[in-house]
Amino acid sequence: MERDNPLNSSIPVYNVSEITYLIKSHLEEQYSLIRIKGEISTFRKAASGHCYFNLKDRDSLINAVLFRFQLDQLDFIPRDGLSVIVLGRISVYPQRGNYQIICETMEETGQGDLLLMLEERKRKLAAQGLFDDSLKKELPVYPEKIGIITSAKGAAVQDVINVLKRRMNGFSLYIYDSLVQGEKAPESLVEGLQYFNREHKVDIIILARGGGSVEDLLAFSDETVVRAVAASGIPIISGIGHEIDFSLSDFASDVRAATPSAAAEIISQATINVRQQIIKAKDSLIQEISHQMERIRWVLMEIGEKKLKQLYQSKIDPLTIHLDSLKSSLINSTESMLQNYRHQIDLNAASLQNQSAEKILKKGFSLILKDDQIVNSAELLHQGDLVKIKMQDGSRNAVIQGENSENL
């Protein structure tokens with residue numbers, strides 16, 4: 001039995017544009033005004049002022065648009081996690097083939113399931129003391145080794161590097177490449193915190209991520225991550241998301257920065273303060289020197305050349321007199337010293353003269369010479385030795401007759 005070829009059946013064939021137009025017409029006609037309740041997710045305000053977000057429940061989501069004029073009519077600011085009821089119309093965007101709700105107005109009905117879950121977790125961890133001020137550690141004033149836990153491919157790490165390079169010198173940056181979004185991100189973040197605490201490589205840690213929705217930042221509110229932040233022995237600055245974004249890690253960290261760039265600015269603030277103080281001191285010193293030089297110039301002008309010479313002379317003359325006095329004293333003391341030396345020399349010469357051989361001979365003493373050497377001991381003379389006896393008025397030769405000696 002032959003089977004019918006579906007391509008040859010009577011079922012009409014539509015091209016993509018035709019079927020999209022039919023769906024668009026049907027939906028926009030059928031749901032021209034409808035109310036939808038859901039939780040805001042991935043809220044984003046464009047430069048035009050229009051807002052784009054998702055409305056979701058536990059099983060589904062729908063794209064939503066809130067134009068600037070309608071936003072200005074609201075009495076609250078839409079944000080991720082809020083539970084709202086929107087009034088609007090269903091529209092199909094043909095270029096992408098998806099449908100969305102164009103919001104006319106919006107009513108806040110409370111927090112969504114995700115925010116309620118985070119609020120309950122926050123209360124639990126706070127009750128356990130993880131956010132206590134007593135756990136907060138002082139940040140090092142001049143950290144030389146800085147660790148950052150974030151995606152190595154993300155914009156956050158580049159923002160931190162750019163700020164630190166612009167504001168600091170002589171630092172080392174250690175990057176732990178971590179997942180920052182998704183189911184495995186909490187485990188990766190905890191491993192990064194444990195790594196830096198185990199290795200003791202850094203003085204401070206930056207926990208960073210760029211902006212995103214509540215869902216995007218959810219890993220940083222994971223209980224295991226929050227506990228690892230609170231348990232860190234190294235000071236931690238959290239720079240997660242944008243200024244309006246918060247995670248539970250912000251409450252456990254030692255300091256919370258609005259953005260990753262702001263975290264880098266906090267770390268480098270002491271260096272900036274020192275530079276500013278140096279510049280201020282330099283400017284103050286230059287100003288003071290200029291002021292003193294100007295004052296001296298006016299004083300000199302007031303004194304005049306003649307008075308200046310007189311003033312100079314009045315200062316120099318006493319010094320000249322003092323130098324002359326010192327010179328005279330030095331000459332007198334030198335002459336006195338030389339005179340003493342001369343007298344001492346004369347005394348020594350007279351003493352030497354009294355001890356000369358001629359003086360001794362004149363006193364009646366004689367010298368005995370043997371081989372032209374003075375004999376000062378009888379032991380040196382033997383029988384038969386020829387000696388010379390020298391007296392005051394001459395000398396005589398003699399021969400030693402015996403070796404008997406007597407002590408005088």
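Nothing in this text is a laboratory measurement; each read-out follows from the coordinates by a stated rule. Not measured: the values here are computed from a predicted model. Heads up, the Cβs are rebuilt from the backbone with ideal geometry, glycines too, and the neighbour counts pull from every protein chain shown.
Going by neighbour counts of Cβ atoms within 10 Å, the residues 242, 200 line up, fewest first, as 200, 242.
For the range 118-270, the number of Lys pairs separated by eight or more positions or lying on different chains, with C-alpha atoms closer than 26 Å, is 19. Can you give me the Cα centroid spacing of the range 7-50 and the range 321-399 in angstrom? Spelled out, the Cα-based centre of one part sits 140 Å from the other. Other residues lying with their Cβ under 15 Å from the Cβ of residue 144 contribute a combined charge of +3, Lys and Arg counting +1, Asp and Glu -1.
Quick check on the exposure proxy: order 166, 79 from fewest to most C-beta atoms within 10 angstrom.
Working: 166 11, 79 14.
Result, fewest neighbours first: 166, 79.
Per residue, the chain reaches -15000 deg cm²/dmol at 222 nm when only DSSP H runs of four or more residues are counted, each adding -39500 (n - 2.57).
Per-residue Karplus couplings for the range 41-52, computed as 6.51 cos²θ - 1.76 cosθ + 1.60 with θ equal to phi - 60°, are listed in order as 9, 6, 5, 9, 9, 7, 4, 6, x, 6, 10, 10 Hz, Gly and Pro entered as x. Can you give the FRET efficiency for residue 63 and residue 126, using 1/(1 + (r/R0)^6), R0 = 30 Å, r = Cβ-Cβ distance, to the nearest 0.05? The pair residue 63/residue 126 has a calculated efficiency of 0.25.
Here residue 370 is the anchor, and the lysines within straight C-alpha reach of less than 30 Å, apart from those fewer than 8 places off in the same chain, are 359, 362, 388, 390.
Set the Förster radius R0 to 22 Å, insert the Cβ-Cβ distance between residue 104 and residue 21 as r into 1/(1 + (r/R0)^6), and round the FRET efficiency to 0.05. Numbers along the way, then the final one.
Details: r = 24 Å, r/R0 = 1.08.
For R0 = 22 Å, the calculated efficiency reads 0.40.
For residue 162 and residue 391, the difference between the fully extended length at 0.36 nm per residue and the C-alpha to C-alpha distance is 71.2 nm.
Our estimate of slack between residue 295 and residue 270, defined as 0.36 nm per intervening residue step minus the Cα-Cα distance, is 5.3 nm.
Expressed in whole Å with the largest first, what are the equivalent ellipsoid semi-axes of the range 359-399 derived from the C-alpha gyration tensor as the square root of 5 times each eigenvalue? It would help to have the intermediate numbers written out before the result.
Values: eigenvalues 73, 25, 11 Å².
After scaling each eigenvalue by five and taking roots: 19, 11, 7 Å.
Potential lengthening of the chain between residue 317 and residue 187 amounts to 38.0 nm, from the contour at 0.36 nm per residue minus the alpha-carbon distance. Taken along the Cα-to-beta-carbon direction at a fixed 7 Å, the label points for residue 13 and residue 399 span 17.3 nm.
The local environment of residue 38, defined by Cβ-Cβ distances under 15 Å, has a net charge of -3 under the rule Lys, Arg +1 and Asp, Glu -1.
Counting DSSP beta bridges in the chain, what percent are antiparallel, to the nearest 5?
Working: 40 of 62 bridges.
Roughly 65 percent of the beta bridges in the chain run antiparallel, per DSSP.
Shown is the FRET efficiency for residue 383 and residue 347, computed with R0 = 51 Å from the Cβ-Cβ distance and rounded to the nearest 0.05: 0.65.
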